Each structure stands twice: as C-alpha cells, then as structure tokens.
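Trainee: The structure follows.
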Amino acid sequence: MSESPARTALALPAETLRWTCDPAGLGFATTADLPAEAHVTGQGRAVRALTFGLSVEQPGYNIFVSGYPGTGRSSYARTEVEDAARERPVPPDWCYVRDFGAADRPTAISLPAGRGRVFRDDVADFVRDVSEGLRRAFTSEAYERQRADVAKRYAQKMEDVWEGLAAQARLRGFVLQRTPTGVLTVPVDLRGEPIPAEIFEALPKADQARLVERMKELEELVSDTGRKIRALEREGRDAFRRLEIETAGSVVDAPLERLRQEYRDHAKVIAFLEASKQDMLAQLADLLAAGAEGGGGRPALLPLPRQDPFARYQVTLLVDNSATRGAPVVVEPNPTYYNLVGKAEYRAEFGTLVTDPSMIKAGALHRANGGYLILQIRDVLTSPFAYEGLKRALRSREIRIEPLGESLGMIAVSTLRPEPIPADVKVVLVGTPDLYHLLYAFDEEFDKLFKIRADFDVVMDRTPASEREYVRTIASVCRDSHVRQFDASGVAAMLEYSARIAGNRDKLSTRFGAVTEIAFEASAWAGREGRELVTRDDVRRAIEEKVYRSSLVEEKLRELVARGQLLIDTDGAVVGQVNGLSVLQLGDYTFGHPSRITARAHLGSRGVVHIEREARMSGRIHTKGVFVLAAFLAGRFAQQYPLSISASLTFEQLYSDVDGDSASSTELSALLSELSGLPIDQGIAVTGSVNQKGEVQPIGGVNEKIEGFYAVCKIKGLTGRQGVIIPHRNVRDLMLREEVVTAVREGRFHVWAIRTVDEEIEILTGVAAGMPDAAGAYPAGSLNGRVAARLGEFARRYREFGMIDGQREPVRPGGEP
C-alpha cells in the first residue's frame, strides 16, 4: 500500500506527543532550597467555599466537602477547620447529675470550660466530707449522751404513766402484771396478795359484781394508758429522728455552704445541692450504714458498686473542655449511632442489667459541641441509623441520648432518658461527588442541613504559578514524611507524571495521594542506589516498577497475541477488518489493548446490526454509537435511493460486555472498507467517536490506547508503517511514555490526528475519500464513490428481487421480503 498524502499531512511530530518539563526552568537546585509550606494546591473553588462556610453561623450551613480520594479533601478540610477553631471561644463543659424527683431523667448542667472537672471534684469532696462527718458525729460521745438523754427522758415519762396506772389499780384493789401479750389486772386482798379463783368464786355475789365493775373501769384505764405509751414511743422516735436530722444537718451544712457560695451564679447547681441535702437526710439510715462499713470515698473518681448510697450524688462529667484551646475539632473515625449521639451503658448486677447517670457516655456530637465535627459520609451511611441520628440532632438543634431499640419499635426497657443538651456544632461531611448527588436527589432534608458544598477538583491548570505551588507541595511532602529531597530533574519528572495521570498536558493532577506514592517509592529507589537526592532516573524507575507490579494481566494478553491465540494483525491489508482500541482497568492499573473489529455486508434491509447488541453484551452508550454510525451512513449515501443493506459488526474474540462509543468511528471504517472493497492497513489501530455528520469526537484513555497498540506492534515486530489514529481534539491529552515518543521520532511508529471519518479512512486505505460534486455524486475511484456504487447496486438488486409478476412482494416484519 502506497503512502497516502493524508498519512504525511496528519502525522504528529514527536514533540507534540509529550510535554517535557525543563529542570533548568524551575529555578532551584533541590527541594531543600524551597520553603516547605503546607497548603492546598489548585483548589481555589473548594478553599473559597470552605472558608465561607466556616464563617457562617446560622443553622443549616453545614458543609459537604466533595471530591475523590487523594485530592487532599480530608487533610485540607481538617487543617482549615482547625485554623477556624482557634479563633472561636472555648465551649462550656457539660455534666449530668441525678434528678431526685425523677431518677430516670438526669439533669444536664452547663459550666464554663474547666469548671466541670472542678465541680465534679468539689461534689466528690463534699460527699466524702459528709460521709466522714456522719461517721464521726454519730459515733461521738456528745451524740451518745444526747441520745441517752432522749431515751432516758421518754423512758421516765412512760414509767410515770405506768406508775399512775398502777396507783389507780391499787385503789381499786388490783395489781398489774405486764406480759408479752399485754397487761393483766389481778384482784388482791387486804394484804395485797392475789385472790385465788376458788376464793373469788366463794365471795358473795355483790362483792364479785363490785370487783368485776372495778376491773372494767381498770381495763379502760389500761387501754387509755396503752395509747399514751404508744404516743410517747412515737414522740421518742420522732425525737430520735430530730436528733439525727439535726446532727446530720449540722454535718451537711458546713461543706454545703461553701459550695453554695462558690456556685451561687449557677441555679441548676444550687438546685442540685439543695436536693442532694434533702435526699441525704431522707436516706440517712442507708448513709449511716455505708459510713459504718467505711464507704463513701470519692464517688466521682472511683467506680462504685450500685448498692453504695453515696453514688447517688456523684457528678458525671460528660464533656471536659479544660484542655481545649479554641473550639473543639472532632474527627470521628467510626460514626455509629451511639458514637455520634452518646449512650447510657449498663452493667450486670446479680443477673440483672442496671444503669445510672455515671454510665452516661458522650458521643462525638457532645465532644464537638460548640465547635466542629468532621465525618466521612460513606462511614455514616453504612452504619445503621447513624445518618438519621445526625440529621435529627442538626434539625432539632439538641443532642438527645435515646436507646436505639425504641427507634426500631422494639419493646421499651427501663433506662435513662437524660435531659437533652442544646446542639451548637458545625458538621463537615467528606465524600465523593456521587454520594453528594445521591443525597441531594433522594433526601429532601439534605439541602436544608448542608447548604455549603466545597468541591475538590482532580486536576488543575498547569501554569508557571501552579507549577511553583506544586513544587512547594512536593517539598512539603519531603519534609513532613522525612524522605529524600529531590533535585530539579526529579521534580521535573514528578510534574510530568502529574500531567500524565491528569490526562492532559495542560493540567496537573490534584490527586496528591498518587503523586506522593511515587515520591516515596522514588526516594526508596534512590536510597537503594546510594543517592542522597532523588533524580529523574529514580522517578522513572519508581513509575516503571509500579507498572510492573500491576501489569501481570496485560503481559498475559500480550503473550496470547504473540502466540497467535488472540488474532491481532499488525501487517498487511484486509477488507472489512480494522484494529480497534479499548482500555481495561484492573484495580489501580489501566492499560490499552487492541481488538479486531470486522464488518460484513450483504443484500437486505435490516440495516446495520451489531452482534454484541443482539447478544445483549453491549451497554447503552455503545448501542447509541452504533445507531449514530448507521445514521451517518444513511445521511451520506441514502439521499437518492434507500439503503438496501444488511450489515453486521462485531468485536472478534470478545467474551465480556462492551460499552462506550469510542470505537464507533473504527466500526464505521470497517464497514466502509467492506462496502468499498478497499483493504485496511492492519498496522494501524483506530480510536474515536463519530457523530452523525462524520466528525470524529474525543475519547478517554488515549495514552493507554496508543501505548497498548505500540506494545503489540513491538512484540510482533515494528515495520515503520504502524501507528494509531486518534481524534484531533485528543492531541492536548497526549503524555506518552518516552519509549513511544522515541519510536515516533525515529520513524518506527506513528500517531495521526484526524477531524473527520474521511481523513481516517484515507489513512487506513491509502485511497482518497472523495468529495461530492454539485449533483451529490462522488468521484468514481474514490472510497465514497465505491461505497455509493455498491449501495446503489444493492438497492437495484433488492428492488428487482422484491418484484414478482411486476408487483412488489409484501414485506414481512423485520424488513425482509
């Protein structure tokens, strides 16, 4: 096949296939000479949005940091939030104490930062003082004397009552006998001796009646005396109780008064202290018993058993901001429901789960209250009910600790329901753009709660200023990660690699994770070579080794091509057969691979049929590309007669699904070759999308596709005529490997850039496509002329075939007669 003018005119020079950074133009010798400033590079839009979002104090202005992993979204968001937090005041501490009127609803108390810990310790000291004071007071000689005096006084009163009753009994001729079952009245004679029953029976009836009457009177007196004795016993008990209360009150009041004065400006604290005093007096018996056993240490600092009555008065320090400087910044790595909103834990006692205010644990929202909470949205969404709990707190502007079981409609159990705490927290969610759009579309509350979006891009414009920023970022990586410094050639290689993964020579990648990996590995290779500075060779070695570690599947495919098991021709010419290019992505590795595309055409009316689509192996985008291809064919060649053709297209040896329209121009070239009868040079591969007007549109993965076909040609032998046709609009995306650029420079490989399918088919066949004249006819020897002639012949033969006895045969469904 002779060299066509199109091949020479549309071939790209080697200088256009790769951007090369000149180390001399960077203006430094090593990165050690540069200021290693920690800042974000190339994210002006995100920086502006995040800065604004952090400055707005109104509800709902929470922030969604949108971007792909490796763009620095998480690290920069945290740095920016921490900077903003330093300028804000320290939020208050939060404590929980028992509500003695409703034990299941602990009271929340807010105190200035640092006072929560002091309050907890003050109450612990107060309880300890009370415990020790009660033990001393109730074992003192003074208390024992007072108690003995009370007992003696009431014993004397009761004895006087009994003596009065005994005197009344003697006046009536009776004596009293106290028994465990009561008081007996026994008649006596003049000598005071009890009258036996037989003597009583021998008395005259009148005397017996008088004794019985006196006995009844005496029994009434006994009954009245019993009431007086019981009243005196009650009075005695009340006197003992008053003595205990007075004694305990004097013990409690002294330390309590100090706390009253210290916390006089905090109404909730004063209310808790007063309620604690009243409860201590009400629970005095239990407290005295605990004091007798040596209990009542520092309940706020030491875990106490449930039965310790002094545990009722301990303070639970929920949030301690004593060491916080500015507003808190909390990054929660495991945002489960309970880790976000807090929980009341349980402990087992005698086979039963119990809880109390000391078991209340703070969640991330509590710790971040008054400041900022940073969460990864994927982690929030994959934790059941965490997202709903977060939204509930932001919507109601309060943090409410509730058991998750009740939210699920499970059987309610007896638990604590602490007083909710007002929420004043700005939440920063970090996630991908896909998750942002999904939440925006399917959650009606999302846009009301997260009004600010900080969008991190994956690329940035490559300008002298951005290059300088990028270099400073590399210097920061060297300093912060303690890796070897780079010389200018090494930094130049890093910039070229960044442009490569950005997919455009005028861009630099902002996925610094990938760039940092190469920096680390290049430093390691430099160390193995005994160099103190990282050079271009080290960066190149790191890139090559990274490719080698991931390219096993690619090498296996190359072996299949070399052994002839995958049919790929790189020499000769074949009608209706062309090499298409596709990109395969396996994990973190992407590579290009050629595929043979063939076309067959015959008489009929089904039009263009793609075998993959018929077999349901193609995606919607690929199907659209086939329809566009057919529309172009009809628009160009069916202006004077209908298309009477049945054609099939397929990817040979394809055993998986195919999608995308980047092969549509390739498929069109195969079909035009089949219709024109002109063979296609098999040493050329094609990639590009075609529209209905025959314009070739840009595609993705252009570097990998070119390099993939170059590798196959290298295996099968470079002839100097091989190359790849790409869309002209992809030229700015070229950042080919230096080996491919060298092959092009030496004339062993070629890259052509085209704008239309006519330019493509001219390069493939070596025959001019041909332009239509005023009547719409193409030159006879041109490719379009051959196609038009073949289609015209199909139309004539189809028309003749469809006529029977001078009339057209009815056409069955499907288009065939």
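The values are calculated or read from the model by the stated rules, or taken from the named source; none is laboratory data. None of the values given here were measured: they were computed from a predicted structure. Cβ placement follows ideal geometry from the backbone for every residue including glycine, while neighbour counts extend to all protein chains displayed. Calculation scope for accessible area: heavy atoms of the full protein, side chains included, ligands and nucleic acids excluded. Shrake-Rupley method; radii C 1.70, N 1.55, O 1.52, S 1.80 Å.
Trainee: Within the chain, what's the longest stretch lacking GluC sites (Glu not before Pro) that sit in DSSP loops with no more than 15 other Cβ atoms inside 10 Å?
Mentor: 88-292
Trainee: Residue-wise, which Karplus ³J(HN,Hα) couplings in Hz belong to the range 461-468, taking 6.51 cos²θ - 1.76 cosθ + 1.60, θ = phi - 60°, and x for glycine or proline?
Mentor: Couplings: 5, 8, 10, x, 5, 5, 5, 5 Hz.
Trainee: Between the helical axis of 783-801 and the dominant principal axis of the chain, each derived from Cα atoms, what acute angle in degrees is found, rounded to the nearest 10?
Mentor: It works out to around 90 degrees.
Trainee: Please list, in chain and number order, the residues 5+ apart from ILE360 or on another chain whose amide H is under 5 Å from its amide H, with Hs placed from the backbone.
Mentor: The list, which skips near neighbours in sequence, is GLU345.
Trainee: LEU654: net charge of surrounding residues, Cβ under 10 Å, Lys/Arg +1, Asp/Glu -1, itself excluded?
Mentor: That works out to -2.
Trainee: Right, here's the next one. Could you give each residue of the range 538-554 its phi-based ³J(HN,Hα) in whole Hz, using Karplus coefficients 6.51, -1.76, 1.60 with θ = phi - 60°, and x for Gly or Pro?
Mentor: 5, 5, 4, 5, 4, 5, 5, 5, 5, 5, 4, 5, 10, 9, 4, 4, 4
Trainee: A follow-up question, please. Please go through the range 671-734 and write out the trypsin sites (Lys or Arg not before Pro) that DSSP classes as loop and that have at most 12 other C-beta atoms within 10 Å.
Mentor: LYS693
Trainee: Out of all Cα-Cα pairs in the range 300-381, roughly what percent, to the nearest whole number, are more than 21 Å apart?
Mentor: So the pairs more than 21 Å apart make up 43 percent of the total in the range 300-381.
Trainee: Can you give me the P(r) profile for the range 723-789? Cα pairs, bins 10 angstrom wide beginning at 0, each as a whole percent.
Mentor: Taking all Cα pairs of the range 723-789, the binned fractions are 19, 37, 25, 15, 5 percent.
Trainee: Quantify how much of the Cα-Cα distance distribution of the range 65-108 extends past 13 Å, in percent.
Mentor: When every Cα pair of the range 65-108 is considered, 70 percent fall beyond 13 Å.
Trainee: How would the range 504-550 be classified by its alpha-carbon gyration tensor: rounded, prolate or oblate, with rounded meaning a/c under 1.5 and the a/b versus b/c comparison settling the rest?
Mentor: Prolate shape, in that a/c is at least 1.5 and a/b is the bigger ratio.
Trainee: Determine the per residue accessible area of the chain with all protein chains present and a 1.4 angstrom probe, expressed in square angstrom.
Mentor: 48
Trainee: Going from the alpha-carbon gyration tensor of the range 642-780, what semi-axes, largest first and in whole Å, does one get by taking the root of 5 times each eigenvalue?
Mentor: 27, 18, 15
Trainee: If you consider only alpha-carbon coordinates, what radius of gyration and Dmax does the range 196-288 have, in Å?
Mentor: Rg, Dmax (Cα atoms, Å): 28.1, 87.
Trainee: A further question on this structure: Given q = 0.11, 0.12, 0.18 Å⁻¹, what are the Debye log10 I(q)/I(0) values for the range 486-629, with equal point scatterers placed on the Cα positions and solvent ignored?
Mentor: Taken in order of the listed q values, log10 I(q)/I(0) reads -0.66, -0.74, -1.10.
Trainee: So, one more: Any chance you could check the Cα centroid distance between the range 782-803 and the range 438-515 for me, in angstrom?
Mentor: Cα centroid to Cα centroid, the span is 56 Å.
Trainee: What are the principal axis extents of the Cα atoms in the chain, in Å, biggest first?
Mentor: Principal-axis extents of the chain (Cα, largest first): 166, 83, 49 Å.
Trainee: If I take R0 = 45 Å and measure r between the Cβ atoms of GLU469 and LYS361 in this structure, what FRET efficiency does the formula 1/(1 + (r/R0)^6) give, to the nearest 0.05?
Mentor: After rounding to 0.05, the efficiency reads 0.55.
Trainee: Oh, and also: Considering amide H positions built from the backbone, and no H for Pro or chain starts, which residues 5 or more places from VAL690, or on another chain, come under 5 Å of its amide H?
Mentor: HN-HN under 5 Å from VAL690: SER664, SER665, GLN697.
Trainee: Could I ask something else about it? Enter the accessible area of HIS750 (Å², nearest 10), with the probe set to 1.4 Å and all protein chains included.
Mentor: Looks like 50 Å² after rounding.
Trainee: Given N residues in the range 1-139, what is Rg(Cα) / (2.2 N^0.38 Å)?
Mentor: Normalised Cα radius of gyration, the range 1-139: 2.27.
Trainee: Something else about it: Whole number please: convex hull volume per residue, Cα atoms of the range 338-401, in Å³.
Mentor: Per residue, the Cα convex hull of the range 338-401 comes to 99 Å³.
Trainee: In addition: Using +1 at the C-beta of Lys and Arg and -1 at the C-beta of Asp and Glu, which of ALA151, GLY503, TRP162 has the Cα lying farthest in the positive direction of the dipole of the chain?
Mentor: Ranked along the dipole, the leading option is GLY503.
Trainee: By DSSP, what percent of the beta bridges with both residues in the chain are antiparallel, rounded to the nearest 5?
Mentor: Around 60 percent antiparallel, to the nearest 5.
Trainee: Where the convex hull is taken over the Cα atoms of the range 488-567, what is its projected area averaged over directions, in nm²?
Mentor: If I average the Cα hull's projected area over directions, I get 6.9 nm².
Trainee: Sorted by accessible area with a 1.4 angstrom probe, largest first, how do ARG400, ARG115 fall?
Mentor: Accessible-area ranking of ARG400, ARG115, largest first: ARG400, ARG115.
Trainee: How charged is the neighbourhood of GLN692? Take every other residue with its Cβ under 14 Å from the Cβ of GLN692, and add Lys/Arg as +1 and Asp/Glu as -1.
Mentor: Once positives and negatives cancel, what remains is +1.
Trainee: Let me know the shape class of the range 569-686, please: from the alpha-carbon gyration tensor, a ≥ b ≥ c as square roots of the eigenvalues, rounded when a/c is under 1.5, otherwise prolate if a/b is greater than b/c, or oblate.
Mentor: Oblate, because a/c is 1.5 or more while a/b does not exceed b/c.
Trainee: Using the Kirkwood radius built from alpha carbon pairs, what does the Stokes-Einstein equation give as D for the range 626-681 at 10 °C and 1.306 mPa s, in µm² per second?
Mentor: Here the translational diffusion coefficient equals 125 µm²/s.
Trainee: For VAL751, enumerate residues with amide H under 5 Å from its amide H, sequence gap 5+ or separate chain, H modeled in the peptide plane.
Mentor: So VAL751 has HN proximity to LEU12, VAL724.
Trainee: How long are the three semi-axes of the equivalent ellipsoid for the range 73-176, computed from the Cα gyration tensor as the root of 5 times each eigenvalue, in whole Å, largest first?
Mentor: After diagonalising the Cα gyration tensor, the semi-axes are 69, 17, 8 Å.
Trainee: Something else about it: Provide the per-residue ³J(HN,Hα) series for the range 360-373, in order, calculated from phi with Karplus coefficients 6.51, -1.76, 1.60 and θ = phi - 60°, each as a whole number of Hz, with x at glycine and proline positions.
Mentor: Karplus values, whole Hz, x for Gly and Pro: 6, 10, 6, x, 4, 5, 5, 5, 8, 4, x, x, 9, 10.
Trainee: If the chain between ARG234 and ARG147 were fully stretched, how many nm would it gain, using 0.36 nm times the residue separation less the Cα-Cα distance?
Mentor: 29.8 nm
Trainee: When the C-alpha atoms of the range 587-640 are aligned to their principal axes, what extent does each axis show, in angstrom, from largest down?
Mentor: 52, 20, 20
Trainee: Pick out, in residue order, every one of the trypsin sites (Lys or Arg not before Pro) in the range 231-280 that is DSSP loop and has at most 15 other C-beta atoms within 10 Å; say none if there are none.
Mentor: Taking the range 231-280 and a limit of 15 other Cβ atoms within 10 Å, the loop trypsin sites (Lys or Arg not before Pro) found are ARG264.
Trainee: Still on this model: Percent of accessible area on the chain owned by carbon and sulfur, 1.4 Å probe?
Mentor: Of all accessible area on the chain, carbon and sulfur atoms account for 52 percent.
Trainee: Treat every Asp and Glu Cβ in the chain as -1 and every Lys and Arg Cβ as +1, leave all other atoms uncharged, and give the resulting dipole magnitude about the Cα centre to the nearest 20 debye.
Mentor: That gives a dipole near 620 debye.
Trainee: Pairs to check: LYS451/LYS546; LYS546/LYS714; LYS343/LYS451; LYS556/LYS693; LYS157/LYS216. Give those whose C-alpha atoms are more than 31 Å from each other in this structure.
Mentor: Those over the limit are LYS451/LYS546; LYS556/LYS693.
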